[in-house]
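Input: a single structure, listed below in structure tokens.
Please treat every number below as a calculation from the coordinates, not as lab data. These numbers come from a predicted model, not from an experiment. All Cβ positions, even for glycine, are placed from backbone atoms using ideal geometry, and neighbour counts span all protein chains on display.
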Amino acid sequence: MTATAGLERSGAPLVLVADDAEANVELLTDQLEGLGFRVVIARDAMSAIAASVEHRPDIAILDISMPAGDLGVADRDAGFEVCRRIKRDPRTANIPVVFVTALSDTSDRVKAIEAGGDDFLNKPYHRPVLNARVQSLLKLKGATDALEESLKRLRELQKVRDDLMKMIVHDLKTPLTSILATLEMMRDGDFGTFSERQSRGLSDAEGKAEDLLGLIEDLLEVSRIEERTLALNTEQIAPAALLSEIVYDWQLRFHQEGATASVDVADDAPVFVADKALIKRVLSNLVQNAVNHSPGPVTIALSARRDPKGILITVGDNGPGIPADYQEIIFRKFEQVHAQHAPRVRSSGLGLTFCRLATESHGGRIWVTSTEGEGSTFFVQLPLERREPVRPMARAGEYQLPR
């Protein structure tokens, strides 16, 4: 059963006291009320759990030994079980728990910590010590509650931003597709002949529009992968043919930028199973990064070889490189490196996020090694057969490089 004391002081912090010894309850209640706290009392384990849910106290002070009721533990360990259940329930998980007991056995302290207890107080306890520990835990709870509220608001804002982004992207895709179709018709001569200079301008405009369409596709597919609504269309892929296709698709752009590319596929590079369209876009994004972020003509090297975990595909370049501090965060959503050597480049910070999510959706991973002024090498490691990701994919989670 539970009882309340001093609840009329509605602005004061509320303390749950759970103890079956009446003398202990009276002493603790008097001390707490004298310090300005409100008190709710529980005299057994079941009542303590119920009171924590009903009253949501700011702090719980539990005796270790009390009637366990239907908790399935001995009375001697009832307090530990109450703490475990308080910490396990999302409604009460943030309530700090202080254990009070006349016992000084080290094993009790270990059990208290393992149960999720926040502090430990021996009987008899002194009023100044009690006040100091309660006040300290209340400050900690206030900071934790404020942090969780901030995180909740941040998630809400992120959802609003993501929903707005998806709406805008869908609206952009249709007119951009029409622009691309018109540019292609002009380049093919459907509107008459153009001079060589005009044709180069059309090709450049078409290339930039293709880049923009690729960005839109990245935005849409990042959202689908994050929401796990993107179905993978897997097939067997020969690495030599895949990398040759990438180079062929980029021939015109390489010519325009003065870039060169090479392909090196080891004899033991295995055939693997993956969504070819997604993996091609991963590699194309890496090639595009190398071209866009280099101040002059860049040399790109694509390679593939067998790896203990499947196949390892690399895309290297001799561009300006990536600062060490950025080599992890570039895979996070909307993060960018503001390269002083390539100020003409505008980046959304989504291309590498797409690469990470698409690779992880196959059960693989991606990372980079780079030295400023000497270039970068991106590694795409994929299993031979698609498997579930090694860890859940977070919307904006941290990405750890392999050690």
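Data overview
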item: Pairwise label distance in nanometres, ALA277 with ILE113, each label 7 Å out on the Cα-Cβ vector; result: 5.4 nm
item: Residues THR359, THR144, THR92 arranged by fewest to most Cβ contacts within 10 Å; result: THR144, THR92, THR359
item: Residue exposure sequence - HIS362, HIS255, HIS55 - by fewest surrounding Cβ within 10 Å; result: HIS255, HIS55, HIS362
item: Segments 206-214, 237-245, 278-286 sorted - mean Cβ within 10 Å per residue, highest first; result: 278-286, 237-245, 206-214
item: Potential extension, GLU156-ASP30 segment - 0.36 nm per residue separation minus Cα distance; result: 41.0 nm
item: For the range 33-137, size of Cβ-based charge dipole, Lys and Arg +1, Asp and Glu -1, in debye; result: 240 debye
item: For the range 2-125, average projected area of the Cα convex hull in nm²; result: 6.8 nm²
item: Förster radius 56 Å - calculated FRET efficiency between ALA238 and ARG88, Cβ distance, rounded to 0.05; result: 0.65
item: Nearest-20 debye value, the range 62-198 charge dipole, Cβ charges on Lys, Arg, Asp, Glu; result: 500 debye
item: Distance between modelled label sites at GLU149 and ILE168, nm, 7 Å Cα→Cβ extension; result: 3.0 nm
item: Value of relative contact order over the range 2-125, rounded to a whole percent, pairs C-alpha under 8 Å and six or more apart; result: 22 percent
item: Under 24 Å from the Cα of LYS173 - lysines, other chains or at least 8 residues apart; result: LYS159, LYS208, LYS276, LYS280, LYS333
item: Label point distance in nm, GLU245-ALA23, each placed 7 Å from Cα along Cα→Cβ; result: 8.3 nm
item: Straight-distance crosslink candidates among lysines, where the alpha carbon sits under 27 Å from LYS123 and sequence neighbours closer than 8 are dropped; result: LYS87, LYS111, LYS139, LYS141
